[in-house]
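Following: one structure in structure tokens, then a few remarks.
Throughout, read-outs are computed from the coordinates displayed, never taken from laboratory work. Remember, predicted model here, so these are calculated numbers, not experimental data. Cβ placement follows ideal geometry from the backbone for every residue including glycine, while neighbour counts extend to all protein chains displayed.
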Amino acid sequence: MRYGRQEGTPLLQALRLEAERAEALVRFDVPGHRQGRMASDFSRALGDLGLRMDVNATPGLDFLDHPTGVIRDAECLMANACDADEAFFLVNGSSVGVVAMILSACGPGDTILLPRNVHRSAIHALVLGGAVPVFLPPEADPTLGIAHGVRPAAVRDALDRHPEARALLLLHPTYFGVCGDFAAIADLCRKRGVRLLSDSAHGAHFGFARGLPPSALSLGADLCTVSVHKTCGSLTQSSVLLLRERAIRHETVRGVLNLLQTSSASYLLLSSLDSARRWLVHEARDTFAALLPQVDDLRRRVAAIPGLRLMAPPEGMTLDPTKLTLDVSGLGISGFEAYRRLRERWGVQMELAEARVLLAVVSPADGPESLSRLADALEALAADALSGHPDGLPEPGPEPHADPPPLVLSPREAFFSPSRIVPLADAVGEICGETIMAYPPGIPLILPGERFNRDVTERIRRVHESGGTLVTEMDDPRRVRVLVRQEGGAP
């Protein structure tokens, strides 16, 4: 990895200088809180310096939509640190990065290959841009209801059946930290002239320390989106889009981002990316060298807890060691109930709960104290749960692993078609007009253009009744949007 001169943080330094000048300036620009002079509960909570750094694009601070100064310098340093040709700072999370990748790689009517367990932002890109999806079957754990990575053989088969494919989007890693054979798939794409895009939202730390998987960019991706805020210390909503300029030009990506991102980007978010990049270069290696052995110890301790099972990656795939996915069904409680008890009784906040699963994300900020507290809480949870269910009966049973419902219309066609609202129980056979997902992780259970079947309606019902969070257009997830049937029964 080539770092270059990585000591400075040009954007953060310029922002701090602007904050120091605040007292000498009488401002008549936005934002209206005037760098904290407008008293409010929020200004008192955030503090003086933070608000003085919340400024607009004033002289010396550059513009995100056409960076030529300190933002450009900070993006170049990020590109250099990540071994990319270009880096684009994002202030709407990796969601906007995923949309930008697809719109940069595909036009209306182009075929794009992607796994069915993509984030909802990929579906939003299909609605906005009109690309036509061909979904690839990911390796699945039907017991846990978790989809993993895509095998090279599935990609090869899809490319044979769809030689017209313009791009392929892969997850590296999945939400649960599983990585497939990205290099082999990249080789297939290169030989077929297919643009390779990577949703690496959960892999911003990859490639910066021994013991972590390599980055998607180093394995052959053309475009890669990373959520720096998830694992590398920047503020929530700040991410980076990385480009290897082969089949896609940087001017194209910048133009797409200017369609999607705000013209009033937060300098707090931008400067936090500048700071996180410096940390990745100078401190990540030593931090993870100390942390990963502690995570290994945590895994051994958790593996010994009765009623809990650590998820292992499928054969031929690897796992980000900082992700701990736990099967709690042996405790006789659901993942949702385990999540609630850990937070309310033992003060431990997990990342995700599903019917049988809990997910913990270990951060570079963690250490012996926090990891020990997690292990203590899991031991207490298990002892408490098994005292009520000594046989560890799994309640509820295995979450159904639904096959993807058939895609009848493109997501764009379905999104803009006339629709109506029906009870979920009456939706079987109808074509969906919205995206319905459990959140987190934001993977669609059904998307616009797919036909409802009983597996999907049952899965939605079970998530709702077991306490999971469903994101739909309706206030009541027992009601869904379907397309209006035309004369003759067709939508």
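How big is the dipole moment of the stretch 160-251 about its Cα centre under a simple scheme where the beta carbon of each Lys and Arg is +1, that of each Asp and Glu is -1, and everything else is neutral? Debye, nearest 20, please. Walk me through the numbers before you get to the answer.
Working: 11 positive and 8 negative charges, 23 e Å.
Here the size comes out at about 120 debye.
With a cut-off of 8 Å between alpha carbons and a minimum separation of six or more residues, what is the relative contact order of the stretch 411-483 in percent?
This gives 42 percent for the stretch 411-483.
If amide hydrogens are placed 1.01 Å from N in the peptide plane, which non-local residues have theirs closer than 5 Å to the one on I443?
Under 5 Å from the amide H of I443 lie the amide H atoms of A438, each far enough along the sequence or on another chain.
How large is the Rg to Rh ratio of the stretch 258-417 when both quantities use alpha carbon positions and Rh follows Kirkwood? Please report the intermediate quantities before stating the final value.
Numbers: Rg = 20.3 Å, Rh = 18.8 Å.
The Rg/Rh ratio comes out at 1.08.
Among H205, H282, rank each residue by its count of other Cβ atoms within 10 Å, from fewest to most, as a rough exposure measure. Provide the component values of the computation, followed by the final result.
On the way: H205 25, H282 14.
Fewest to most other Cβ atoms nearby, the residues stand as H282, H205.
For D83 and D476, what is the calculated FRET efficiency with R₀ set at 56 Å and r taken between the beta-carbons, to the nearest 0.05?
Working: r = 48 Å, r/R0 = 0.86.
The pair D83/D476 has a calculated efficiency of 0.70.
I need the shape label for the stretch 101-231. Rule: rounded when a/c is under 1.5, else prolate if a/b > b/c, else oblate, with a, b, c from the alpha carbon gyration tensor. Walk me through the intermediate numbers first.
Working: a/c = 1.40, a/b = 1.35, b/c = 1.03.
Because its axes are fairly even, with a/c under 1.5, the stretch 101-231 counts as rounded.
Packing-wise, with mean Cβ within 10 Å as the measure, how do 463-470, 67-74, 267-274 rank, highest first?
Per-residue mean Cβ counts within 10 Å order the peptides as 267-274, 67-74, 463-470.
Could you point to the residue in V361, G129, T236 farthest towards the positive end of the chain's charge dipole, with +1 and -1 charges on the Cβ of Lys/Arg and Asp/Glu respectively?
G129
Taking the Cα centroid of the stretch 413-445 and of the stretch 62-112, what is the distance between the two, rounded to the nearest whole Å?
Each part's Cα centre sits 31 Å from the other's.
For the chain, with only Lys/Arg (+1) and Asp/Glu (-1) charged at the beta-carbon, what is the dipole magnitude about the Cα centre, in debye rounded to 20?
Dipole magnitude for the chain comes out near 480 debye.
How do T318, T231 rank when sorted from fewest to most other Cβ atoms within 10 Å of their own Cβ?
Details: T318 17, T231 27.
In order of increasing Cβ crowding within 10 Å: T318, T231.
Name the long-range amide H neighbours of L170: under 5 Å, sequence gap of 5 or more, or other chain; modelled H, no Pro or chain starts.
Placed amide hydrogens put L197, S198, D199 under 5 Å from L170.
In percent, what relative contact order does the chain have, based on Cα pairs under 8 Å that are 6 or more apart in sequence? Could the numbers behind the result be given before it?
Numbers: 999 pairs, mean separation 68.6, N = 491.
Relative contact order for the chain comes out at 14 percent.
Output ³J(HN,Hα) for the stretch 329-346: one whole-Hz value per residue in order, computed from phi by the Karplus curve 6.51 cos²θ - 1.76 cosθ + 1.60 with θ = phi - 60°, and x for Gly and Pro.
Going residue by residue, I get 4, x, 8, x, 10, 7, x, 5, 5, 4, 4, 5, 5, 4, 6, 7, 9, 10 Hz, with x marking Gly and Pro.
Any idea which of P108, A183, S266 is furthest toward the positive side of the dipole for the stretch 10-282, if Lys and Arg beta-carbons carry +1 and Asp and Glu beta-carbons -1?
A183
Arrange T111, T236 by Cβ neighbour counts within 10 Å, fewest through most, would you? Spell out each step's value before the answer.
On the way: T111 17, T236 11.
Going from least to most buried by this count: T236, T111.
Just to check I understand the Karplus step: with θ = phi - 60° and J = 6.51 cos²θ - 1.76 cosθ + 1.60, what whole-Hz values come out for the stretch 446-462, glycine and proline as x?
The phi angles translate into 8, 10, x, x, 8, 8, 4, 10, 5, 4, 5, 4, 5, 5, 4, 4, 5 Hz.
To the nearest 20 debye, what charge dipole does the stretch 56-177 have about its Cα centre, counting +1 at the Cβ of each Lys and Arg and -1 at the Cβ of each Asp and Glu?
Working: 7 positive and 13 negative charges, 93 e Å.
Result for the stretch 56-177 is approximately 440 debye, rounded to the nearest 20.
With a point put 7 Å past each Cα toward its Cβ, work out how far R285 is from E245 in nm, to one decimal.
Computed distance between label sites R285 and E245 equals 2.8 nm.
Among (1) 92, 65, 54; (2) 65, 58, 49; (3) 72, 58, 43, which one is Cα extents along the principal axes in Å computed from these coordinates?
For Cα extents along the principal axes in Å, the calculated option is (2).
So what J values fall out for the stretch 274-287 if you push phi through Karplus, 6.51 cos²θ - 1.76 cosθ + 1.60 with θ = phi - 60°, rounded to Hz, Gly and Pro as x?
Each residue's phi maps through the Karplus curve to give 4, 5, 5, 4, 5, 5, 4, 6, 9, 10, 4, 4, 5, 4 Hz.
For a quick protection proxy, order the peptides 165-174, 213-222, 49-58 by their average other-Cβ count within 10 Å, most packed first.
Working: 165-174: 26.7, 213-222: 23.1, 49-58: 17.2.
Most protected by this proxy first, the peptides run 165-174, 213-222, 49-58.
What percent does the relative contact order of the stretch 178-221 come to when contacts are Cα pairs within less than 8 Å and at least six residues apart?
The normalised contact order for the stretch 178-221 reaches 46 percent.
With each label point set 7 Å from Cα along the Cα-Cβ vector, what nm distance links W346 and E7?
Calculated label separation equals 4.6 nm.
Search the structure for amide H atoms under 5 Å from the amide H of L136, placed 1.01 Å from N in the peptide plane, and list their residues when 5 or more places away or on another chain.
Here L114, R116 satisfy the definition.
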